[in-house]
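Report on the structure given below.
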Amino acid sequence: MLLKIIKVFIHVLIIVFLTITTQIGGVVYLVTVVVFSKKKRKIKIIAFIGAYCCISLFVIPFVAPVFGREKIKNSKHIQPNSFIYVLTNRNYVVPQLNTILTKVSTELDKKYPGIKLVYLDANFPFFDGFPLLPHLSHNDGKKIDLSLIYEENKALTNKKKSISGYGVFSGPTKREHNQITVCKQRGKWQYDFPKYLTFGSINKNIRLSAKGTKFLVDEVLQQKEVSKLFIEPHLKTRLGLQNRKVRYHGCQAVRHDDHIHFQLY
């Protein structure tokens with residue numbers, strides 16, 4: 001009896017984890033466990049992986065438009081920082097946002113040929129209000145995180161500083177306002193939590209490109225549908241950003257000097 005309870009508990013934990021991280025993974029797992037209940041564990045795992053990949057890559061893109069969302073249109077100008085964002089269904093936006101990404105990426109390539117617009121977390125494909133953790137928003141198809149732009153030996157590069165795209169920060173200098181310290185002194189321990197979500201630091205020789213990142217931000221801000229853009233205060237000052245759409249996200253969120261976040265009205 002105890003063994004059955006433990007097994008059920010483990011299944012529940014897996015379902016919750018997959019639902020939180022992929023939205024549809026928990027349902028696919030539950031169906032797989034029920035349908036293949038009499039099969040060996042190895043068969044169940046293979047069946048789940050196969051079913052999940054097929055549904056995520058070939059079914060959801062056709063169903064999401066019913067909910068007003070569509071998959072981000074990857075191209076030679078637009079790409080995810082990692083395929084994991086595609087595989088976990090975190091690459092869905094409203095059509096308006098897709099159009100903006102195309103416009104911005106085209107202008108970015110015109111200004112800096114070969115430099116891509118690289119996105120991180122966007123939104124799940126279904127249901128407004130469904131949380132895309134660990135974000136406080138990203139629940140209506142109108143929000144997205146973009147990677148900062150970096151340079152190597154004074155030349156812009158598509159390389160990033162972590163595998164996930166999060167967690168390796170371009171922190172404030174001694175002369176810049178340090179909002180990170182302010183928030184942590186207020187007890188907001190989560191403020192630099194993304195440092196644990198890097199999945200590995202890479203390309204340690206690259207550094208933030210002020211000119212490249214400023215151009216990217218300015219192009220985003222020129223889009224009339226954009227309502228807000230979040231970036232850390234010291235980077236706002238460093239990049240000379242004056243647009244009223246540039247806002248501070250608050251200590252209740254996480255720091256934004258490893259990415260920028262923007263959203264539509």
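The values are calculated or read from the model by the stated rules, or taken from the named source; none is laboratory data. What you see is a predicted model, and the numbers here were worked out from it, not measured in a lab. Every residue, glycine as well, gets a Cβ built from its backbone with ideal geometry; the counts of neighbours run over all protein chains shown. The protein model used for the area step is the full one, side chains on, heavy atoms only, and it has no ligands, DNA or RNA in it. Shrake-Rupley method; radii C 1.70, N 1.55, O 1.52, S 1.80 Å.
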Filtered GluC sites (Glu not before Pro), segment 141-194: DSSP coil and at most 15 other beta carbons within 10 Å: 176
Ellipticity estimate at 222 nm from DSSP helix runs (n ≥ 4, -39,500 (n - 2.57)) divided over the chain, nearest 500: -11000 deg cm²/dmol
Computed lengthening from residue 184 to residue 39, 0.36 nm per intervening residue step minus Cα-Cα distance: 47.2 nm
Solvent-accessible surface ranking, highest first, for 106, 88 at 1.4 angstrom: 106, 88
Accessible area per residue in Å² at 1.4 Å probe, computed on the chain: 53 Å²
Rg in Å to one decimal, and Dmax rounded to a whole Å, for the chain via C-alpha atoms: 20.1, 66
Within the accessible area of segment 137-216 (1.4 Å probe), percent carbon and sulfur: 52 percent
Spatial separation of Cα centroids for segment 232-254 and segment 1-62, in angstrom: 41 Å
Highest-fluctuation residue, 119, 52, 166 considered, GNM on the chain with Cα pairs under 10 Å: 52
Backbone N within segment 227-244 under 16 Å of label point (7 Å from residue 174 Cα along the Cβ vector): none
Highest average packing first - 236-247, 212-223, Cβ atoms within 10 Å: 212-223, 236-247
Greater than 22 Å apart at Cα, pairs in 161/224; 204/245; 76/111; 73/142; 116/204: 161/224; 204/245
Computed accessible area, residue 249, all protein chains, 1.4 angstrom probe, square angstrom: 20 Å²
Debye log10 I(q)/I(0) at q = 0.16 Å⁻¹ for segment 1-130, Cα point scatterers: -0.84
